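Contents: one structure, followed by commentary.
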Amino acid sequence: MINSVRNTVLAIINKNNYGYLSPNDFNLFAKQAQLDLFDEYFFQYNQQINEENARLSGTGYADIKKGYEEVIDFFSETATLAQTYTTSTAVSPSGLANVYTMPTKATTGTDYYLINKVLIYNTLTASGINTGTAAASAGNQLIDATATFTASMVGGVVSIVLNNNVVTTALITGFVDANTLNVNTTAITSTGKNYSIYLKSNLTAEAELVNNSKITLLNNSMLTQPNITYPAYTQEGNSITLSPSLVSNMGQVVAQYIRYPKDPKWTFTTISNGDPVFDQSQPDYQDFELPLDDGNDLVSKILQYAGISIREGDVFKFGQVEEQTQNQEQ
Amino acid sequence: MAYINQEKYYTNDNINPTNENWGSYQYVSLADIVTNFLLMYNGNHSLINNEERYKILFHAKRGVQELNYDAFKEIKSLQLTVYSDLRFVLPSDFVNWVRVSLFKDNTIFPLVENIQVQSALSYVQSATATFTYDGSGNVNTKTSSLDTARQDGALNSIYLNQARMEGVDMPPFNEDYYDTYIGARYGLNTETANMNPTFTIDKKAGVINFDSTMANQECILEYISDGMENGDDSKISVNKLFEDYIYAYIKYALLNNKFGVQEYIINRARKDKSALLRNAKIRLSDIHPGRLLMNLRGENKWIK
C-alpha cells in the first residue's frame, strides 16, 4: 500500500511542479499520518459503542464496531514481562522481585500503546539454572542436571532470561528425561541461565490495574486485599508493581497489549532519471499496517503535512477537506 | 471453573485430599461468581459499566457473608477438651454460636448459657483502694476472685439452687443480694434448673467460660462463620440455589452506591434481590415429605 499512497501523494503535490517530496520526508510524514489514524481508531471505537447504546448501530454488515475491533486487534501482542531487577544470572533482591518492566522494544520487541490485561501464572511448576546445551544432533533442548522434569510439562511454557532483563519464552515440545526437555527455541546456546517453567492451565489470574492512590487502601482491606486469585498492579514509570508480592518469579507475568504500528518505510535502491525506484525487497522495508481502506485517509493526512512542508496552502487545504469529507461519510 | 469428570470427583485423581470434590457440585465458587458477573452483568451495554473488579469482589464477598449469617444454615462444629482453666477458645472463623454441648458417656448434652457473669478482670488495689501501674502506665491486673471461685468449684450456681437461705442474715433489702436467692425460697426454679455445666461466652476475650464441672470434659461447639474460608478466596463458595441472588445483590449494591443512577433502576434491582433471596430461602428450607412424615408419626404415640 505504501507505494500507491506515495505515488498518489506525489501525483497531487507535483501536478504543477509545486514541489517534490523526498523519500525521507515521505517516511516521516507517513509515520505521523499512520499514528494519527491509529490513535483515532480508539476514539471512533468508543463513539461507536455510544452509538450502539443509543441504538444507532446495527448488526451483521452494519456492525461497524466489529471492524474497528479487527483493526485494533491486529496490533495486539502477548508477551512475558521481564523483571526489572533480574538478570540472566542474578535474581531480583527481596522486595523488588515483584517489579516488572512494561513492554518495550528492548524487552518484548515492541512498545505498548495500552496494556489491555496483565495475566499471572498462579503456580510455578519448576525453575532452575540450565547446566548444559544441546548437541547439534539433539535439536533444541533445555538441560538441567539437577532438575526433575516430567512428561506433564510438555505443552507448557519455559521462560528463560538470555540477556539482561529480556525474557525469552518457548514452548516445551517434548520430554526426553528428568533433566532434559525439548523446546521450540534455538536461543538456548549457553549455560548458567535462569529458567522457569509454567503450565498454560495455570495462566488464570488477571491482575487489575489499581491507581496509586487506592493501592494502600486495597492492601489494608481484608476483603479486597490482592491475592494470587485476584492480583493487582500499580504503574510507576516504565514498571509495574504486582500485589501480592509473592508474584515474584521470572516469567510469571504476561501482558496482552496493543503495540504501536511499525514505522512505515518506503525503500528504494536505484535512481532512474533522478527518481528513486521503489524496492520492497530491502530489509528495512515496512508497509503501512492499517487496512487498505485507510489509504485515502493516509493520503489526506500526508498531503496536509507535505503542504506545510512545501509551504503550499492549497495542498494543505485539499488534504484537510478530503479528510473532513471522509469523516462525514463515516 | 470447568466441569470435572466422575473419576476426578470421586478420587481427586488420587491427590490428597482425595475427598476434595465431594459435594462440590452444590456450590459455585467465588471465582465463578466474579467471572460470570463481569461477563454477563458488566460491560458497555449493561447497567453496570466501568466498575473496578475489586468493588465487584467486595460486594460478592459481602453477599456471601450475609448469606452465611442466616440463610445458608451451614453450621460448623468443633470438639475440644476443656481443661482446668475452664476455657474453650473460639475457633478462628467464629462469628456466632448456635449450640454448646457436653459430650460425655457417648451422649450429647446441650448446655445452658449462664446468664450470670462468669469471669471478670480485676485490678491490683492497695488498702486505700488505689491502683498500681506498670512501667508503661497501665494498671496492674490479677485474677479476679470470681474466676478463682469458678475454677475452684466454689462458685454457687443459681442453676442448682445452691444459693440457699439457711443461716444467712439477710439485710432488709438489697437488690443484688435478693437476685442471688431467686427461687431458693420457693423450691426449684424450673426456668434455670439444669444439672449440666453452664457456660458464658466472652466474645471480646474470644473464649467460652465454663463452670468447674466442665473441667476435663469434651465440649462440642456448633457455630456459624462468614464463609470467607480464612482468607483463601479460591475456597469461597455459595450454594447454587443462591447464585442468582448473589448476582442481584452485587448489581444492587453497585447501582445503589453509584451517583446519578435513576431511583427506579435502583428499586428494580432492590426488588429483584429481595425476591431472589426469598425464593432461595424457600428452596433451601428443605420441606421434604419424608421429614414431615417423621413428625406426623409422633402424633400417633400414646402417652401413658
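What the table below lists for this structure:
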{"read-out": "Extension gain from B:I265 to B:N96, taking 0.36 nm per residue of separation minus the Cα-Cα distance", "value": "57.3 nm"}
{"read-out": "17 Å Cα-Cα reach of B:K8 towards aspartates and glutamates, excluding residues that sit fewer than 8 places from it in its own chain", "value": "B:E20"}
{"read-out": "Members of the range B:11-51 that become less accessible by 30 Å² or more once partner protein chains are added (1.4 angstrom probe, chain alone as reference)", "value": "B:N44, B:H45"}
{"read-out": "Relative contact order of chain A, defined on C-alpha pairs under 8 angstrom at six or more residues apart (%)", "value": "23"}
{"read-out": "Debye, to nearest 20: dipole size of chain B, +1 on Lys, Arg Cβ, -1 on Asp, Glu Cβ", "value": "1140"}
{"read-out": "Hits among aspartates and glutamates - C-alpha to C-alpha of A:K265 under 13 Å, sequence gap 8 or more where chains match", "value": "A:D25, A:D279, A:D284, A:D287, A:E289"}
{"read-out": "Label-point gap, in nm, between A:L114 and A:D25 - each point 7 angstrom along Cα→Cβ", "value": "3.5"}
{"read-out": "Lysine pair number, Cα distance threshold 24 Å (strictly under), the range A:77-259, separation 8 or more or different chains", "value": "4"}
{"read-out": "Accessible area buried, both sides summed, chains A and B with 1.4 Å probe, Å²", "value": "1400"}
{"read-out": "Global geometry of the range B:188-304, whether rounded, prolate or oblate, following the gyration tensor of its Cα atoms and the 1.5 cut on a/c", "value": "oblate"}
{"read-out": "Share of carbon and sulfur in the accessible heavy-atom surface of the protein assembly as shown [1.4 Å probe, %]", "value": "50"}
{"read-out": "The protein assembly as shown, helix-only ellipticity at 222 nm - DSSP H runs n ≥ 4, -39,500 (n - 2.57), divided by all residues, nearest 500", "value": "-9500 deg cm²/dmol"}
{"read-out": "Computed E for A:T131/A:A187 - FRET, C-beta separation, R0 22 angstrom, nearest 0.05", "value": "0.85"}
{"read-out": "Threshold 20 Å² - residues in the range A:221-244 whose accessible area is reduced by that much or more when the chain is no longer isolated, probe 1.4 Å", "value": "A:L223, A:T224, A:N227, A:T229, A:Y230"}
{"read-out": "Kirkwood-Stokes translational diffusion coefficient of chain B, alpha-carbon pairs, 4 °C, 1.567 mPa s, µm²/s", "value": "53"}
{"read-out": "Amide H contacts under 5 Å for A:S127, placed H, 5+ residues apart", "value": "A:I197"}
{"read-out": "Cα gyration tensor shape for the protein assembly as shown, rounded if a/c is under 1.5, else prolate or oblate", "value": "prolate"}
{"read-out": "Gain on full stretching of the segment that runs from B:T107 to B:Y83 - 0.36 nm per residue minus C-alpha separation", "value": "6.7 nm"}
{"read-out": "Proximal aspartates and glutamates to B:K273, defined as alpha-carbon separation beneath 14 angstrom and excluding residues fewer than eight positions away on the same chain", "value": "B:E66, B:E243, B:D244"}
{"read-out": "1.4 Å probe accessible area per residue over the range A:3-160, in Å²", "value": "51"}
{"read-out": "Projected label distance in nm at A:N50 and A:D63, using a 7 Å step from Cα toward the beta-carbon", "value": "2.3"}
{"read-out": "Separation of the B:D202 and A:N238 label points, Cα + 7 Å toward Cβ, nm", "value": "6.0"}
{"read-out": "Sites A:E40 and B:E20, calculated FRET efficiency, Cβ-Cβ separation with R0 30 Å, nearest 0.05", "value": "0.05"}
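The values are calculated or read from the model by the stated rules, or taken from the named source; none is laboratory data. The model shown is predicted, which means the values in this text are computed figures rather than measured ones. Note that each Cβ is placed from the backbone with ideal geometry, even for glycine, and that neighbours are counted across all protein chains shown. Ligands, DNA and RNA are stripped out before the accessible areas are found, and what is left, the full protein with its side chains, is counted by its heavy atoms. Shrake-Rupley method; radii C 1.70, N 1.55, O 1.52, S 1.80 Å.
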